[in-house]
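Notes follow the structure.
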Amino acid sequence: MSPVRRGETLPIYNRIRVLRADRGLSRSQLAALVEVNPQTIGALERGDHYPSLDLAFRICDVFGLPVEAVFSRTEFAPLSAGLHRPAPKEA
Amino acid sequence: MPAQNLLERYEARRTRRFLDNQERMSGWLPTWRTRARRRLLTVILAVVLACMFVATTATYFVPLAALAWLPLTLVFLVTWTSLQIVSSRLSDAPRHALDEREISERNSARSIGLGVAQVLVMIPILALLLGSTTDSVDHQDLAYAAGGFTLASILFAGCLPAMILAWIRPDDDPEDHL
């Protein structure tokens, strides 16, 4: 986990596992693309390690997404929840 | 590519050698690359180092106790080499061979090792300072025992980062190797 000099360590949630599955990437492949060890991708997915800004940007570059789409201070809702929204009922 | 200075060339060469060695040794002792086995090696190493402290302290009272260092050193070399192989030498890996998580863990472990070294080395230092001004103490035996204690302290503190990293490292997740 990234060191914090002072203050409470706030959680950083991520969607790496879901995005990786969506793109058909193994941990080893993603690790090679962002130049870390596969164990570090596993640690990120489990929340055992919070990435540096540099690593976060490199991961986002692989998925072609902005940082806020991959990392968040709050837990992500399942991606499937955003796929379909029922049409609003007519009055 | 900009010209590298001496330090950068040294670091690059060291990293290349480390990665070559790591690749060569990656298949060694395959059945010992589990957390349980790494922890077993760590415990054995801790016991050997503890015995070194006892043996070196005992030399003040029984000079022949120094002979215990011979078998202890033998067991130490085997255990330490095995632990380094199965934990991929993360504790003394060059910076460029590690990623940010590994550097962070290694730095924490090294910091603990340095702190332990400072405390342990203070013991023979104080013993020598106090003993040198006390007539009832055998100064020759004290110097010999303090030297051995310092050696054991440096060994223990030097091994501690590798022991900590070997202890905390989880088993490899099969998904990591897909």
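The values are calculated or read from the model by the stated rules, or taken from the named source; none is laboratory data. Predicted model, so just to flag it, every value in this text is computed and none were measured. Positions of Cβ are generated from backbone atoms using ideal geometry, with glycine treated the same way; all protein chains shown enter the neighbour counts.
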Of the residues that make up the stretch B:152-170, is at least one modelled with pLDDT under 95 and surrounded by 16 or more Cβ atoms within 10 Å (Cβ to Cβ)?
yes
Filter the stretch B:158-178 down to the residues that are among the acidic types (Asp, Glu) and facing another protein chain (nearest Cβ under 10 Å) and list them by number.
B:ASP172, B:ASP173, B:GLU175, B:ASP176
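Yes or no, residue by residue, for (1) over 24 Å from B:ARG17 (Cβ atoms); (2) not in a helix (DSSP H, G or I):
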site: B:LEU74; (1), (2): yes, no
site: B:TRP80; (1), (2): no, no
site: B:SER91; (1), (2): no, no
site: B:SER104; (1), (2): no, no
site: B:GLY115; (1), (2): yes, no
site: B:LEU120; (1), (2): yes, no
site: B:THR133; (1), (2): yes, yes
Anything in the stretch A:52-77 that is closer than 14 Å to A:ARG20 by Cα and exposed (fewer than 10 other Cβ atoms within 10 Å of the Cβ)? List them, or say none.
A:GLY64
Answer with yes or no whether B:THR42 is surrounded by 15 or more Cβ atoms within 10 Å (Cβ to Cβ) and in contact with a His (Cβ under 6 Å, 6 or more places away or on another chain).
no
Out of B:ALA50, B:ALA55, which single residue is within 18 Å of the chain's Cα centre (by Cα) and within 30 Å of B:ASP138 (Cα to Cα)?
B:ALA50
Within the stretch A:16-55, take every residue that is within 10 Å of another protein chain (Cβ to nearest Cβ) and acidic (Asp, Glu) and give me the one that is farthest from A:PHE71 (Cα to Cα).
A:GLU35
Within the stretch B:103-124, track down each residue that is of a type in the set (A, V, I, L, M) and touching a residue at least 12 places away in the same chain (Cβ under 8 Å).
B:ALA109, B:ILE112, B:LEU114, B:VAL116, B:ALA117, B:LEU120, B:VAL121, B:ILE123
Members of the stretch B:47-86 found to be under 15 Å from B:LEU160 (Cα atoms), touching a residue at least 12 places away in the same chain (Cβ under 8 Å) and aliphatic (A, V, I, L, M), listed by number:
B:VAL48, B:LEU49, B:MET52, B:LEU83
Those residues of the stretch B:19-33 which are of a type in the set (Ser, Thr, Tyr) and either part of a loop (DSSP other than H, G, I, E, B) or touching an Asp or Glu at 6+ places or on another chain (Cβ under 7 Å) (or both) amount to B:SER26
Candidate set from the stretch B:93-102 (those that are in a loop (DSSP other than H, G, I, E, B) and free of Cβ contacts under 8 Å to residues at least 24 places away in the same chain); member that is farthest from the other protein chains (Cβ to nearest Cβ):
B:LEU98
